[in-house]
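J.: Sending over a structure as structure tokens; questions will come in a sec.
The values are calculated or read from the model by the stated rules, or taken from the named source; none is laboratory data. Remember, it's a predicted structure, so these values are computed and weren't measured experimentally. For neighbour counting, all protein chains shown are included, and Cβ atoms are generated from backbone atoms with ideal geometry for every residue, glycine included.
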Amino acid sequence: MEDQAIDREWKKGSAELLILSLLEAVPRHGYEIGKLIEQRSRGALRFHAASLYPLLYRLEKRGWIQGRWVEKSGQRRRRYYRLTAQGQKMLASQRRGWRTFVEAISRITGAENA
Amino acid sequence: MPDWSEEIRKQLADLRLAPAREAEIVEELAQHAQDRYRELESGGATEAEAHRITLEELSGHELLANGLRAIERTDAPEPIALGAGSKGRFLATLAQDLRYGLRTLRKSPGFTAFAMLALALGIGANTAIFSVVNGVLLRPLAYPDADRLLTIYETTPEYGRTSVAYPSFLDWRRESRSFADMGAGRSDDFNFTGAGEPEHLSGEYVSASLFPTLGVTPFMGRNFLPQEDRQGAACAVMLDYGFWKVRLAADPNILGKALTLNAMSCAVIGVLPRDLRLREKAQVYVPIEQYNSVELRTRESRPGIAVIGRLKPDVTIEAAQAEIASICSVLARQYPKTNAGAGAKLVPMKDDMVGYIRSTLLLLVGAVGFVLIIACANVANLLLARSTARRREFAIRTALGAARGRIVRQLLTESVLLSLGGAAIGLLLARWGTSLVLAAAPDSLPRSAEIGIDPYVLLFTLAVSIVTGILFGLAPAFHGANANPQESLKEGARGAGGGRHRAESLFVAVEIGLAVILLAAAGLMMQSVWRLLQVDPGFNTRNILTTQVALSPTALASPPAIRLAFQQMLGRVAAIAGVQSVAITSQVPLAGSDSEIAFWPGAAPQPPQDRTTSAMFSVVTPHYLSVMQIPLRRGRFFTERDNLASPPVVAIDDVLAKHVFPGQDPIGRQISLMVMGPVRIVGMVGHAKQWGLDSDDTSKIRDQIYFPFEQVPDKFMSAGVTGLTLLLRTGPEPMSLVSAVRAQVAGPTRDQPIYAVRTMEQIISGSLAERRFTMLVLIIFAATALLLAAVGIYGVMSYAVTRRTHELGIRATLGASRREIVGLVVHQGMRLAAIGLAGGLVAAFALTRFMTGLLYGVRPADPATLAAVALLLGAIALLACYIPARRATAIDPMAALRCE
């Protein structure tokens, strides 16, 4: 299955980029982030709480994202994460890095297939 | 709905997060779990299935706790004030620390009180000394642009720096282009009559330019006009604010009224501002041209005139110095007789006022710093002892997730709180201490009126107390934070730990070492003062009363009237019961003033200035020798027959004789005095120290010439009259005769006051005032240091005995005698003391060198002083060890063993 194909190591390498990308436009809470990763990857990528939150806390500690408790009427308060200025920079650089990486891989793998 | 929080908390348990952080994570994850659970349920899962899946995802194969461990434990997790940013978070923690700290300190009032008191002593003493340093050395003088004010000295090859000849001042002021303006002043005494009792006022002759040069605007009225500062102008006077306020009852209509000063009627034209302090004591200011003396007009005398210049904004002091030097060289060519070799020296006014006391004050700053370090070491030891006792508390907090950094911060907050409390008490002590310092300070301490507690002093105290708090708190804080929770909890309340004892021993050794240094400094000062008091001044200092006198205005009318008035006064005073002999002199030895005259051997006309020599010049009446009990070496002293009708004579001292007539008999020889002309030597007397018990031997001018009062020419009589002192040798205690002397001096017209009444012994002790002051302050510091060090070693030994109760109990059971047990404890303590002593002696050896300038007759590393210090401290340390050791012998062996 697809799920097995995308190995844990892949996930680890890309997780930071995924989270930063999702927070680029709007602040989101942890559950929403997990959900969006699953939906947009059509189920190929999935982060459970046990791995998602340590990641979020690490990014927060590095100062790339910042969490803030937000109360909405009639709901329990949730912690929303937004991208910091430093996070923006990291996102841009990781994107460039990822693109280079993907291009390199596809040149190799594409060439073999051709 | 399952309780996710409980589940999550279980998983996080062994991370030992800070409680607030843990709560936050639990809340966020529980929220997530709840969302997930709902989603699974709505997707059709059973409750049990949803529960299982949610739980699995929470722990998963990558355990949540494992993932979090690395992140959450990398540095101190701090409790987070929910919803606050990092600054708010810091403040919130600080507030929490403060509250907790206050609570802890309140719980042990004895400890808190002692620690604060020790710190208050240290901080208070530092604040007091700093306020003196601040007022005297640091604050700019209270004039606008005070850094451009310079004191200008005249220099001669013979004296070096000296006061200025009035004509030189006029020439400098006219010729120089470097100065915006220059002013001159000369202190003098004034006889104030016509307003009740006659009064003696201290005053100052000033040039009209002096106050404008300083930038002083009068409080009332105006400054002197140039035309008021001319020979023959009507006398005008400006008043000191305090004099106007107190003596003249702040008379608002004082301007234009006349005061009678030295029998001159002087119109008041202004009152000076309250904070003006030109010289500390002046009450009235009169234009210098009113100073009616030939001294003012000649270039050969330099009658105590001080000159102040204000540099133009763009001129450097070097440029001004060069310019004035060239003016002086022109004057030297123009007036070779008086000005050959003369020059001028510019000194910033503040340096001139306070420069000489700088090294003394800096010495005290160093000493008081040591006192503070000792206080810190003491409190640090107390905190160490406490932190050992509090190990259990820290262990529990660590177990609950508090990080090391967090505990260190908590403990530092506590110690800073302590030192701030100490500082508050210290400020009170400092206010009191400052007034004590001022009371003990020599009158000569410059700018003493400007000493006080101002914002800079407060800032200093605050800074010192915070730094202090951190300094003495660090070791105990780290010690506390390093507590290993498991061991501490296992051990129960009985704390231990080797690190603590090493630190504590080190602190005690340092305390003792610093106390050695302070004691050595104090001891050296005591020795110096004591040795100075043993110096033979060349006369008998006991039972001499000295007083300044002012003549009645009627007596001042003519020179013969002046002579007659003094003769009658001497007659009346000599008749007082208890007065053995009485004399008048123009200068009192060791009283801090001096007057010199240039002379040359033979009766030749005056050679150029650089070929004359100077001698101290005293005008005296015949009984001067018997009052002072100065020995007559050869010839005779003056009699009543040495008067204007007889040829002029002088007496010289043996120093002059040796210097000018080596190997010859000076009696009968002629010398010539500047202005006075040739005189014959009739007597040779012993040298009396003039400059100071310490510095007389090394002074440039030591020759002495005595001149009979009755032979003073008429033209000098009225000018010389103000500075005369009456000297009495008394049978009874001198001060007991003061009222009789006052009555007899006042005379039939009752208008001749006496003032500045002192015994000779007071004058001598005044001449040692600065050294005494330094000695006194050092003794106070050393005593404080000794006390703190004794308390320190006592505390450590008491604690050691308590800790060794069990061991000592066993020893006692096994047959150790009381002596052996005392020996055991004392040995431990004295080893510490010995280490401290050795270190302190080495440091004292190195540091007391900086005191060389303050010492007399004793070398900085005086072995006797150091040995005495070591003995004293050793004895105190022994006592401080012995008391706890005695307690150790009282241990009941059975009780000691049972308590295990």
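J.: I'm trying to understand the selection: among the residues of segment B:205-252, which are assigned to a helix (DSSP H, G or I), buried (at least 19 other Cβ atoms within 10 Å of the Cβ) and β-branched (Val, Ile, Thr)?
T.: The answer is B:Thr213, and nothing else.
J.: Sticking with this one: For segment B:705-733, which residues satisfy the criterion of being assigned to a strand (DSSP E or B) and either in contact with a Phe, Trp or Tyr (Cβ under 6 Å, 6 or more places away or on another chain) or farther than 24 Å from B:Asp188 by Cβ (or both)?
T.: B:Ile705, B:Pro708, B:Leu728, B:Arg729, B:Thr730
J.: Which of the residues belonging to segment A:48-93 are farther than 29 Å from B:Ser59 by Cβ and part of a helix (DSSP H, G or I)?
T.: Hits for segment A:48-93 are A:Ala85, A:Gln86, A:Gln88, A:Lys89, A:Met90, A:Leu91, A:Ala92, A:Ser93.
J.: Moving on to the next point. Could you grab the pairs with beta carbons closer than 9 Å, sequence gap of 6+ or different chains, first residue in segment B:585-605 and outside the structural domain of B:Arg680 (by TED's automatic domain parsing) and more than 14 Å from B:Ala688 (Cα to Cα), second one of a type outside the set (A, V, I, L, M) and modelled with pLDDT of 85 or more?
T.: Taking only residues 6 or more apart or on different chains, not a single pair turns up.
J.: Can you name every residue in segment A:26-55 that is in contact with a Gly (Cβ under 7 Å, 6 or more places away or on another chain) and either more than 19 Å from B:Glu27 (Cα to Cα) or more than 9 Å from chain B (Cβ to nearest Cβ) (or both)?
T.: A:Phe47
J.: In addition: Are any of the residues in segment B:628-635 surrounded by 18 or more Cβ atoms within 10 Å (Cβ to Cβ), outside any loop (DSSP other than H, G, I, E, B) and modelled with pLDDT of 90 or more? Walk me through how you get there before you give the answer.
T.: First, the residues of segment B:628-635 that are surrounded by 18 or more Cβ atoms within 10 Å (Cβ to Cβ): B:628, B:630.
Okay, now just the ones that are also outside any loop (DSSP other than H, G, I, E, B), so B:628.
Subsequent filtering for residues that are modelled with pLDDT of 90 or more retains B:628.
Scanning segment B:628-635, I find at least one residue that is surrounded by 18 or more Cβ atoms within 10 Å (Cβ to Cβ), outside any loop (DSSP other than H, G, I, E, B) and modelled with pLDDT of 90 or more, so the answer is yes.
J.: Related question: Test each condition in (1) in a strand (DSSP E or B); (2) in contact (Cβ under 8 Å) with a residue 60 or more places away in the chain; (3) out of contact with any helix residue (DSSP H, G or I) (no Cβ under 9 Å at 6 or more places or on another chain) for B:Tyr285 and report the one that comes out false.
T.: Of everything listed in (1) in a strand (DSSP E or B); (2) in contact (Cβ under 8 Å) with a residue 60 or more places away in the chain; (3) out of contact with any helix residue (DSSP H, G or I) (no Cβ under 9 Å at 6 or more places or on another chain), B:Tyr285 misses just condition (3).
J.: On the given criteria, is A:Arg58 facing another protein chain (nearest Cβ under 8 Å), in contact with a strand residue (DSSP E or B) (Cβ under 9 Å, 6 or more places away or on another chain), crowded, with 17+ Cβ neighbours inside 10 Å and not polar (S, T, N, Q)?
T.: Taking the combined requirement at face value, the residue does not satisfy it.
J.: Considering only segment B:253-273, state which residues are in contact (Cβ under 8 Å) with a residue 40 or more places away in the chain and in a strand (DSSP E or B).
T.: To start, the set of residues in segment B:253-273 that are in contact (Cβ under 8 Å) with a residue 40 or more places away in the chain comprises B:259-263, B:268-273.
B:Leu259, B:Thr260, B:Leu261, B:Val268, B:Ile269, B:Gly270, B:Val271, listed by residue number.
J.: Could you tell me how many of the residues in segment A:61-82 are buried (at least 19 other Cβ atoms within 10 Å of the Cβ), touching a residue at least 24 places away in the same chain (Cβ under 8 Å) and at the interface with chain B (Cβ under 10 Å from one of its Cβ atoms)?
T.: Final tally of qualifying residues: 2.
J.: Moving to a separate point now. If you take the residues in segment B:202-237 that are out of contact with any helix residue (DSSP H, G or I) (no Cβ under 8 Å at 6 or more places or on another chain) and under 16 Å from B:Ser187 (Cα atoms), which one is modelled with the lowest pLDDT?
T.: B:Ser202
Residues checked against (1) over 29 Å from B:Asp694 (Cβ atoms); (2) out of contact with any helix residue (DSSP H, G or I) (no Cβ under 8 Å at 6 or more places or on another chain); (3) loosely packed, with under 15 Cβ neighbours inside 10 Å; (4) of a type in the set (Lys, Arg):
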{"residue": "B:Arg563", "(1), (2), (3), (4)": "yes, no, no, yes"}
{"residue": "B:Arg572", "(1), (2), (3), (4)": "yes, no, no, yes"}
{"residue": "B:Gln587", "(1), (2), (3), (4)": "no, no, no, no"}
{"residue": "B:Leu590", "(1), (2), (3), (4)": "no, no, no, no"}
{"residue": "B:Ala598", "(1), (2), (3), (4)": "no, no, no, no"}
{"residue": "B:Thr612", "(1), (2), (3), (4)": "no, yes, no, no"}
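J.: Something else now. Please specify each residue of segment B:636-682 satisfying the condition of being outside any loop (DSSP other than H, G, I, E, B) and β-branched (Val, Ile, Thr). Break it down stepwise before answering.
T.: In the first step, residues of segment B:636-682 are kept if they are outside any loop (DSSP other than H, G, I, E, B); the result is B:649-660, B:670-673, B:677-682.
Once the filter is applied, which keeps residues that are outside any loop (DSSP other than H, G, I, E, B) and β-branched (Val, Ile, Thr), segment B:636-682 yields B:Val649, B:Val650, B:Ile652, B:Val655, B:Val660, B:Ile671, B:Val679, B:Ile681, B:Val682.
J.: Please state which one of B:Ala439, B:Ala423, B:Ala402, B:Ala395 is out of contact with any Asp or Glu (no Cβ under 6 Å at 6 or more places or on another chain) and under 30 Å from B:Arg771 (Cβ atoms).
T.: The unique qualifying residue is B:Ala439.
J.: Among the numbered conditions (1) within 17 Å of B:Leu506 (Cα to Cα); (2) touching a Pro at 6+ places or on another chain (Cβ under 8 Å), tell me where B:Arg849 comes up short.
T.: Going through the list (1) within 17 Å of B:Leu506 (Cα to Cα); (2) touching a Pro at 6+ places or on another chain (Cβ under 8 Å), B:Arg849 breaks only (1).
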